[in-house]
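Undergrad: Sharing a structure below in structure tokens format, with a few things to ask.
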Amino acid sequence: MEHSTADKIMETAIPLFAKKGYVAVSIREVADAVQINSSAISYYFKSKEGLYQAALEANFSPVDKLLKSVETMNDLNAIERLTIYAQNIVKLHRKHPFLARFVNSELANPTPCGEKIIKKYISQLYQFVHSSLSKGVAAGDFAPDLNLSYAAVSLAGILNFYFLTTPVIKEFIVFSECSDEEYISQALRIYLNGISIKK
């Protein structure tokens with residue numbers, strides 16, 4: 001019973017925070033939507049800040065799990081590491097449809113309670129991509145003069161900007177059921193072609 005109440009609170013709070021922002025959502029609004037007393041939110045999450053942090057963690061912790069799972073695959077080359085990451089980004093955004101909104105909101109208007117969480121996960125992503133690129137340069141797959149920092153930021157932007165803009169783009173582009181995968185595949189191919197050594 002307790003677990004399901006906390007889940008209901010979270011399921012309600014995530015879209016509210018993602019669509020309206022941290023400041024615009026009140027504990028009462030969440031409690032009313034779940035049809036519980038607002039003291040239940042304090043019981044499970046301590047405060048509005050605690051609820052928001054839990055909502056962010058619920059959306060970002062799968063990114064951490066993905067990166068860690070790829071890190072355990074020791075025999076992968078740089079291109080394979082980046083490809084697995086890119087392919088799984090689609091799955092993450094589908095399973096957590098508000099992930100892009102949280103990223104955008106926290107980058108544009110950082111909150112004191114969310115900034116640390118966002119920085120932690122963006123740093124982990126940056127380190128993963130940076131180390132993958134470094135591995136590719138060392139193996140002779142990527143250009144030796146590649147600025148790893150710029151290249152890491154570029155890849156994250158290329159892959160995630162699509163999910164930030166999809167709600168608007170859908171108004172003038174016809175998408176198929178496979179559009180997300182097709183975009184990620186093409187974007188990764190264009191990116192890798194740009195940084196790879198031509199053989």
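Undergrad: On the accessible surface of the range 1-60, probed at 1.4 Å, how many percent belong to carbon and sulfur atoms?
TA: 52 percent
Undergrad: Would you mind checking the range 38-65 for residues with the amide N under 17 Å from a putative spin-label position 7 Å along Cα→C-beta of Lys116?
TA: Counting only backbone N, you get 45-58, 60-61.
Undergrad: To continue, here is another question. Can you tell me the length gained on complete extension of the stretch Phe172 to Asn147, counting 0.36 nm per residue apart and subtracting the Cα distance?
TA: Extra length from Phe172 to Asn147 when fully extended: 5.5 nm.
Undergrad: I've got another one for you. Using a 1.4 Å probe, what is the accessible area per residue for the range 156-199, in Å²?
TA: Here the residues of the range 156-199 average 69 Å² of exposed surface.
Undergrad: Quick one: dipole size for the range 16-121, taken about the Cα centre, charges +1 on Lys/Arg Cβ and -1 on Asp/Glu Cβ, in debye to the nearest 20.
TA: It works out to roughly 160 debye.
Undergrad: So how tilted is helix 2-20 from the main axis of the chain? Cα-based, degrees 0 to 90, rounded to 10.
TA: Roughly 70 degrees, rounded to the nearest 10.
Undergrad: What does the helix-only formula give at 222 nm for the chain: each DSSP H stretch with n ≥ 4 adding -39500 (n - 2.57), the total divided by the residues, and the result rounded to the nearest 500 deg cm²/dmol?
TA: That calculation yields -25000 deg cm²/dmol at 222 nm.
Undergrad: Ignoring ligands, DNA and RNA, what accessible area per residue does the range 1-74 give at 1.4 Å, in Å²?
TA: In whole numbers, the range 1-74 has 55 Å² accessible per residue.
Undergrad: Next question. Quick one: if the Förster radius is 35 Å, what FRET efficiency do His130 and Ala6 give, using the C-beta to C-beta distance and rounding to 0.05? Walk me through the numbers before you get to the answer.
TA: Values: r = 36 Å, r/R0 = 1.03.
Given R0 = 35 Å and the Cβ-Cβ separation, E is 0.45.
Undergrad: How big is the gap, in Å, between the Cα center of the range 14-54 and the Cα center of the range 148-166?
TA: 30 Å
Undergrad: Just the C-alpha atoms of the chain: what Rg/Rh do they give, with Rh taken as the Kirkwood radius? Please report the intermediate quantities before stating the final value.
TA: Values: Rg = 19.1 Å, Rh = 18.5 Å.
Reported Rg/Rh, Kirkwood definition of Rh: 1.04.
The values are calculated or read from the model by the stated rules, or taken from the named source; none is laboratory data. This is a predicted model, so every value here is computed, not measured. With ideal geometry, Cβ positions are generated from the backbone for all residues, glycine too; neighbour counts draw on all protein chains shown. Heavy atoms of the whole protein, side chains included, go into the accessibility calculation; ligands, DNA and RNA do not. Shrake-Rupley method; radii C 1.70, N 1.55, O 1.52, S 1.80 Å.
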